[in-house]
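The values are calculated or read from the model by the stated rules, or taken from the named source; none is laboratory data. Note that the structure is a prediction, hence the values are computed from the model and not measured. Quick reminder, even Gly has a Cβ in these numbers, built from the backbone with ideal geometry, and neighbours come from all protein chains shown. Quick note on the areas: whole protein, heavy atoms, side chains included, nothing else; ligands and nucleic acids left out. Shrake-Rupley method; radii C 1.70, N 1.55, O 1.52, S 1.80 Å.
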Amino acid sequence: MQPSNEPSFRESVDIMFNRAVALMDLPPGLEEKIRVCNATYTVRFGVRLRGKIQTFTGYRSVHSEHMEPVKGGIRYSLGVNQDEVEALAALMTYKCALVEAPFGGSKGGLCIDPRDYDEHELELITRRFAYELIKRDMINPAQNVPAPDMGTGEREMAWIADQYKRMNTTDINGVACVTGKPTNAGGIQGRTEATGRGVQYALQAFFKDEKGMEKAGLSGTLQDKRVVVQGLGNVGYHAAKFLSEEDGCKITAIIERDGALFDDAGLDVESVHQWIAKHGTITGYPNSKMEAKGAKLLEAECDILIPAALEGVINLSNAARIKAPLIIEAANGPVTAGADEILREKGTVIIPDMYANAGGVTVSYFEWVKNLSHIRFGRMQRRQEEARHQLVVDELERLDRYLGDAWSMSPDFKKKYLRGAGELELVRSGLDDTMSTAYQSMAEVWHGRDDVSDLRTAAYLVSINKVAASYKAKGL
Ligand code: NAD
């Protein structure tokens, strides 16, 4: 539980923003213009369920419209409130600027526990919430494009897209009104995994940064690094799965709502995920030890801590006891401003949320572009690319025959080289490139300026500069 002397989530974001702008030389008034949230809509609507009308409260906040459309997820959680959506909308502005996704920042939320409703009821609620936002242009391919967040996924996005189409039957770009849709309803391959995949790429970029590794007191590669993950939902599951299956990390603890599983030898992420899908809880999972007070495991000895559930989990009450030398904020706002200060003083390196979980919005950007261009990535080029590669392979085979035993192609070169990139490969390569370029831009500031001691401040400096440049260019 977060102590009461902590600032709220939005205040925490403001404190971190203020720390960065103090190091900048912005024209008078621009700092305030960038910091404030432009508008927040509250909608209250009724849905007839189980024989009576139930009233729901939802929000859509627009932080900055320096670029349009604005972009940001829709969250379903009982914790949703105005302060939270405004904090999340602000983070979206900075995140989009940092990874050069051409959007302003927005966020939405519905105050509801989705586990209390069946699928049909959730569809009725989602469609009605979408109706309220669509008729106010708070969902629109040119103005405001939501995506999944905590408690929502591709199913909800498909309902929202369909609701928009019903209300805007002649809008040829209607399907671009929301991203994170299923692939059979205008989605893009690789979107569901994107945020977790981005966390993996972010860690790979960090592990190539010698100075950064030195600051964290880490060495070597990701192989055998001990990783603690909080939240095995969309983001946490994919991050943990890729890190363990592809980079050789050991997932030594998984913290969920109802406790934590831990095993120094490393947990099987896929098997835990399937257990949760079947039983709705980690309780009873047979192949590991369990701790009922799950949050205690945030303080476990490990190399990398990945909070991937919700905000404020590392706060004044536990920051001093966090042992991980490296925290990567897969969730938004998991470290409060107070905890951030304690951890910085301890020398803990934090890869900040606005960068760490930007994989989601990056691939959402690709999906939006795909929807507007009405064609799948790679469709025009793939065969042509394969034909050109075939020419090279034919020549190499000729050489092979000519040189006899003196030279031959490596066994799987032909298979790998001949295959042209499909949508998934293109999405992953675009995401990898985005995460690595954004890391370089932060690291340059982090290592290059004496007055910048942490990656978060560096990230804010890079992104605020970009937002400021955009306002200046507009002549505001
Ligand atoms: P999700 O609903 O799929 O998963 C959240 C997980 O956290 C669930 O497994 C839930 O049981 C667990 N959880 C909830 N409360 C917990 C607690 N107190 N302790 C431990 N575990 C708890 O949500 P998600 O989409 O994976 O989002 C997680 C975080 O990542 C959020 O902060 C969200 O804003 C951020 N994020 C998500 C995306 C995305 O594409 N989905 C993109 C960027 C950022």
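Give me the percent of the accessible area of the chain that comes from carbon and sulfur atoms, probe 1.4 Å, all protein chains in place.
Carbon and sulfur: 49 percent of the exposed surface of the chain.
Ranked highest first by the average count of other Cβ atoms within 10 Å around their residues, in what order do 63-73, 316-326 fall?
Going by the mean number of other Cβ atoms within 10 Å, highest first, we get 63-73, 316-326.
Averaged per residue, what accessible area in Å² does the chain show with a 1.4 Å probe, protein chains only?
On a per-residue basis, the chain sits at 44 Å².
Could you give the dipole magnitude of the chain about its Cα centre, charging the beta-carbon of Lys and Arg +1 and that of Asp and Glu -1, in debye to the nearest 20? Please list the in-between numbers first.
Details: 58 positive and 66 negative charges, 269 e Å.
Value, rounded to 20: 1280 debye.
Taking the simple approach of a point 7 Å from Cα along Cα-to-Cβ for both L403 and A39, what is their distance in nm?
Label-label distance for L403 and A39, simple model: 6.6 nm.
I need the shape label for the chain. Rule: rounded when a/c is under 1.5, else prolate if a/b > b/c, else oblate, with a, b, c from the alpha carbon gyration tensor.
It comes out rounded by the Cα gyration axes.
Of the options G236, N184, A253, report the single residue whose Cα projects farthest towards the positive end of the charge dipole of the chain (beta-carbon charges: Lys, Arg +1; Asp, Glu -1).
N184
Is it possible to state the helix-based mean residue ellipticity at 222 nm for the chain, with each DSSP H run of 4+ residues giving -39500 (n - 2.57), the sum divided by total residues, to the nearest 500 deg cm²/dmol? What is it?
Result for the chain: -14500 deg cm²/dmol, rounded to the nearest 500.
Quick one: length gained pulling A320 to L78 fully straight, 0.36 nm per residue minus the C-alpha distance?
So the chain would gain 84.2 nm between A320 and L78.
Which one, L426, I282, I327, projects farthest toward the positive side of the charge dipole computed for the chain from Cβ point charges (K/R +1, D/E -1)?
Looking along the dipole axis, the top candidate is L426.
Compute the signed sum of charges (Lys and Arg +1, Asp and Glu -1) over the other residues within less than 14 Å, Cβ to Cβ, of G187.
Numbers: positive: R155, K181, R191, K370, R376; negative: E154, E156, D162, E193, E367, E423.
That works out to -1.
Bin all alpha-carbon pair distances of segment 194-359 at 5 Å intervals from 0 and give each bin's fraction as a whole percent.
So the P(r) values, bin by bin, are 2, 10, 20, 24, 22, 15, 6, 2, 0.
For the chain, what is the percent of antiparallel DSSP beta bridges, rounded to the nearest 5?
Working: 25 of 50 bridges.
The antiparallel fraction comes to roughly 50 percent.
Taking a spot 7 Å from the Cα of N184 along the direction of its beta carbon, which residues of segment 361-377 have an amide N less than 19 Å from it?
Label zone hits: 376.
Calculated FRET efficiency, Y417 and Q143, Cβ-Cβ r, R0 41 Å, to nearest 0.05?
My answer for the efficiency is 0.40.
Mind computing the radius of gyration and Dmax over the alpha-carbon atoms of segment 37-185? Å is fine for both.
14.4, 48
Where the centroid of each part is defined by its Cα atoms, how far is segment 208-246 from segment 444-460 in Å?
Cα centroid of segment 208-246 versus Cα centroid of segment 444-460: 21 Å apart.
Top to bottom by accessible area (1.4 Å), largest first, where do D25, D340, D83 land?
D25, D83, D340
Over the Cα atoms of segment 217-288, what radius of gyration and what Dmax do you get, in Å?
According to the Cα coordinates of segment 217-288, Rg and Dmax are 11.9, 40 Å.
Counting other Cβ atoms within 10 Å, keep those with at most 16, restrict to DSSP loop, and tell me which chymotrypsin sites (Phe, Trp or Tyr not before Pro) in segment 99-175 are left.
none
What are the residues whose amide H is under 5 Å from the amide H of G259, where those residues sit 5 or more places off or on another chain and H is modelled from the backbone?
When sequence neighbours closer than 5 places are left aside, the close amide H contacts are G294.
Quick one: work out the % antiparallel among DSSP beta bridges in segment 37-185, nearest 5.
Percentage antiparallel, nearest 5: 65.
Please compute the contact order of the chain in relative form: average sequence separation of alpha-carbon pairs under 8 Å and at least six residues apart, divided by the residue count, as a percent.
16 percent
Local charge sum around I314 (other residues, Cβ-Cβ under 15 Å, Lys/Arg +1, Asp/Glu -1)?
Taking every Cβ under 15 Å from that of I314, the sum is -3.
Points 7 angstrom from Cα along the Cβ direction at N173 and H120: gap in nanometres?
Going by the 7 Å Cα→Cβ label model, 3.8 nm.
Want the number for L26 to K293: 0.36 nm per residue separation, take away the alpha-carbon distance, what's left?
Fully extending the segment from L26 to K293 adds 91.5 nm.
Would you work out the charge dipole size for segment 251-300 about its Cα centre, treating the Cβ of every Lys and Arg as +1 and the Cβ of every Asp and Glu as -1, and quote it to the nearest 20 debye?
200 debye
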